[in-house]
Amino acid sequence: MKLKDRVAIVTGTSPNIGGGIAEGLAAEGAAIVAVDANSANAKDCAAYINGSGGRAVGVTCDVTDEAQVKAAVAAAIAAFGKVDILVNNAAFFNKKGVIDMSFEEWNRQTGVILGGAFLFTKHACKAMIAQAMGGAVINIISTAGHQGEPGNIAYSTSKCGLLNFTRSAAMELVGSGIRVNSLTPTATDPDESFERAARWGRTVRRPESLDRVMKPFRSRIPMQKLPVPSDYGRAAVFLASDDAAMITGTDLRVDAGAIARYWAWDPTAGAAL
Ligand SMILES: NC(=O)c1ccc[n+]([C@@H]2O[C@H](COP(=O)([O-])OP(=O)(O)OC[C@H]3O[C@@H](n4cnc5c(N)ncnc54)[C@H](O)[C@@H]3O)[C@@H](O)[C@H]2O)c1
């Protein structure tokens, strides 16, 4: 058990990536505080972990509301006595470009992705500093934060900003023994999230268009296979654990080679250009 007796706050615990990370941390012994603006995502994640022998609470919280964020950190301490790990994962998708997006939409999306990570890092790390036992923060990026993606301006800009938020917070908090790293997922195989939703007691319908939508992602990824949320869960365990004791301010890409790919190379066309 790499995270025995640790307490982890995970934001955005849908049955997809946040749920996969929460279950991964719980499997290594961490108590989980599942935070989501959608109450069902907070409660169902916590209920599943409790039902499988772990320890968890679900907290309904909008990551952009500072009073709610403070209350969520207080709820973690009330339930489990401390906070050791924070995973800033909450986000939403709104695929619009700079011409089409309104300023209100820009402010809302950057507010959730960057502002939510700012608020949770601030208040969870204040608690970690008061405890004087160090800690680990993991910010969830996206391959869209490393590249210029058309028609996804607020998302890709926020995710890129989160990379340098990670480095800057890492430098600020290094003296307090708090390590701050990021984890970059990429287009994710959707089937594990359907299986997780079903395990959480939900009725799942797999959209007929899904295979068509996923086809370009599957064919252009170097490994010719997309990661699943539990792949990110294992990487988050590593970053949160003492195995990563000397790692701070870095980004761990769990992207099946997506960012390393030379732009002109077609992975289906053989080893060379
Ligand atoms: N799905 C992908 O292919 C993919 C790829 C790369 C990166 N990511 C990143 O992984 C993370 C999770 O993505 P996902 O696909 O699981 O998304 P998702 O939509 O399934 O889950 C996001 C969760 O965040 C919650 N949330 C949104 N706004 C919130 C707010 N204001 N306060 C609290 N909770 C809020 C939602 O309710 C939801 O439960 C995100 O950071 C996303 O950018 C996803």
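Only the coordinates and a few stated rules stand behind these numbers; no lab work does. All values reported here derive from a predicted model rather than from experimental measurement. Every residue, glycine as well, gets a Cβ built from its backbone with ideal geometry; the counts of neighbours run over all protein chains shown.
When the distances between all Cα atoms of the chain are binned every 5 Å from zero, what whole-number percent does each bin get?
1, 6, 13, 17, 19, 18, 13, 8, 4, 1, 0, 0
Step through the residues of the stretch 239-249 one at a time and calculate ³J(HN,Hα) from phi using the Karplus curve (6.51 cos²θ - 1.76 cosθ + 1.60, θ = phi - 60°), rounding each to whole Hz and writing x for Gly and Pro.
5, 7, 8, 5, 4, 9, 4, 9, 10, 8, x
What residues have an amide H closer than 5 Å to that of VAL180, excluding those fewer than 5 places away on the same chain, when H is modeled at 1.01 Å from N in the peptide plane?
VAL137, GLY249
Each label point is 7 Å from the Cα along the Cα-to-Cβ direction; what then is the distance between the points at SER52 and LYS70, in nm?
According to this spin-label approximation, the distance is 3.6 nm.
What is the distance, in nm, between label points placed 7 Å from the Cα along the Cα-to-Cβ direction at ALA79 and at LYS225?
For the pair ALA79/LYS225, the computed spacing is 3.4 nm.
Sort out for me the Cα centre separation of the stretch 220-273 from the stretch 120-192, rounded to whole Å.
16 Å
Based on the alpha-carbon set only, what is the convex hull volume of the stretch 1-103 divided per residue, in Å³?
Normalising the Cα hull of the stretch 1-103 by residue number yields 102 Å³.
Expected output is a single nm value to one decimal: the length gained when fully extending between LYS96 and MET133, i.e. 0.36 nm times separation in residues minus the C-alpha distance. What is it?
9.1 nm
Provide the per-residue ³J(HN,Hα) series for the stretch 127-136, in order, calculated from phi with Karplus coefficients 6.51, -1.76, 1.60 and θ = phi - 60°, each as a whole number of Hz, with x at glycine and proline positions.
Rounded to whole hertz, the list is 5, 4, 5, 5, 6, 6, 10, x, x, 9.
Charges on Cβ only, +1 for Lys and Arg, -1 for Asp and Glu, centred on the Cα centroid of the chain; of PHE80, TRP263, TRP106, which one is farthest towards the dipole's positive end?
Of the options given, the answer is PHE80.
What's log10 of I(q)/I(0) for the stretch 87-204 at q = 0.16, 0.18, 0.22 Å⁻¹, Debye sum over Cα points only, no solvent?
Debye output, listed in q order: -0.84, -0.96, -1.13.
Rank by packing, highest mean first: peptides 239-247, 5-13, with packing defined as the count of other Cβ atoms within 10 Å averaged across residues.
Top of the packing list down: 5-13, 239-247.
Which parts of the stretch 129-151 would a label at ARG108 reach, counting a residue when its backbone N lies under 20 Å from a point 7 Å out along Cα-to-Cβ?
151
Run the helix sum for the chain: -39,500 (n - 2.57) per DSSP H stretch of 4+ residues, divided by residue count, reported at 222 nm to the nearest 500 deg cm²/dmol.
For the chain, the value works out to -13500 deg cm²/dmol.
Sort 28-40, 198-210, 75-87, 157-169 by the packing proxy (mean of other Cβ within 10 Å over each peptide's residues), most packed first.
Ranked from most to least packed, the peptides come out as 28-40, 75-87, 157-169, 198-210.
Mind ranking 250-263, 142-155 by how tightly packed they are, going by the mean number of other C-beta atoms within 10 angstrom, highest first?
So the order, starting with the most tightly packed, is 142-155, 250-263.
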